[in-house]
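Note sheet for the following structure.
No value in this document is a laboratory result; all are computed from the given coordinates. Note that the structure is a prediction, hence the values are computed from the model and not measured. All Cβ positions, even for glycine, are placed from backbone atoms using ideal geometry, and neighbour counts span all protein chains on display.
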Amino acid sequence: MEHYHYIKSFHLIFVITWFAGLFYIPRLFVYQIEAFHKPSPDKEILGKQLKLMAKRLWFIITWPSSILALLFGLCLFYLNPTLIYHDWMQVKIGFIALLFMYQFRTNYYYNQLQNDIVTVSSSFMRIWNEGATFILFAVIFLVILKSAIDWVWGIIGLFVLGILIMLGFKIYKKIRAKNPDA
C-alpha cells in the first residue's frame, strides 16, 4: 500500500497545478478583453501576445493537470474503494463536477477570445476569476474536516468571502476610476 501515498502525492501536485491554471487564465482574459478595446497597434500587439500566453497556459498546464488530477484521483478510489461511501467525499465529488463545469465554461471563453470575440466585460471576468477560489475553499474544508456537516460552516465562510471579494472589487474600481494606471 506504500504506492498509495505516491499516487496521492501526484494527485495533489496536479490538483495544485490545475488550480494554478484556473486562477491565472481568467486574469489573462481580463487583459485580453482590455487589450481588445485599445487602439491599434497596441490592440494587435498585446492581443497576439496574450493569446499565446493563454494558449500555452491552457493546453500545457491547465488541461493536462486536470486530466492527471482526475486519473490519479480515480486510482486512489481504485486502491481504496471505501472512500466513495463517506458523505464528505460524495460532496467533494459534487464540487469536482462543478469545477469541471467551470473549466468547460472557461474553455468557452478561451475559444471566444482566441477568435477575437468579446462577449463579456473585464469586470465580469474579474468576478469569474473567483469561481475556482470558492470551489477550492469548499474542497479543502471538506478534505481536512472530513465532515459534510462542517461543510455548511464552510459555505457560510464562502459567502462571507464572496461579500469581501465584492467589496474589494468595488474599492478597486473606485481607485481605478481615480487613477487608470492602478
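Results, tabulated for the structure shown:
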read-out	value
Phi to ³J(HN,Hα) by Karplus 6.51 cos²θ - 1.76 cosθ + 1.60 over the range 101-118, Hz, x for Gly, Pro	4, 4, 5, 5, 5, 5, 4, 4, 5, 4, 4, 4, 5, 5, 9, 6, 9, 10
ASN111-LEU167 pseudo-label distance in nm [points 7 Å out on the Cα-to-Cβ vector]	4.0
Residue of SER123, SER65, SER40 that the Gaussian network model of the chain assigns the largest fluctuation, springs spanning Cα pairs under 10 Å	SER40
Degrees separating the helix 131-145 axis from the principal Cα axis of the chain, which is the longest one	20
Ranked list, fewest to most other Cβ atoms within 10 Å of each Cβ, for LEU76, LEU22	LEU76, LEU22
Global form of the range 2-178, assessed from the alpha-carbon gyration tensor, a/c cut-off 1.5	oblate
Cα-based helix-to-principal-axis angle, 42-56 vs the chain, degrees rounded to 10	10
Whole-Hz couplings from phi, Karplus 6.51/-1.76/1.60, listed for the range 8-20; x for Gly and Pro	4, 4, 5, 4, 5, 4, 6, 5, 5, 5, 4, 5, 4
Approximate spin-label separation CYS75-ILE60, in nm, with each point projected 7 Å along Cα-to-Cβ	2.4
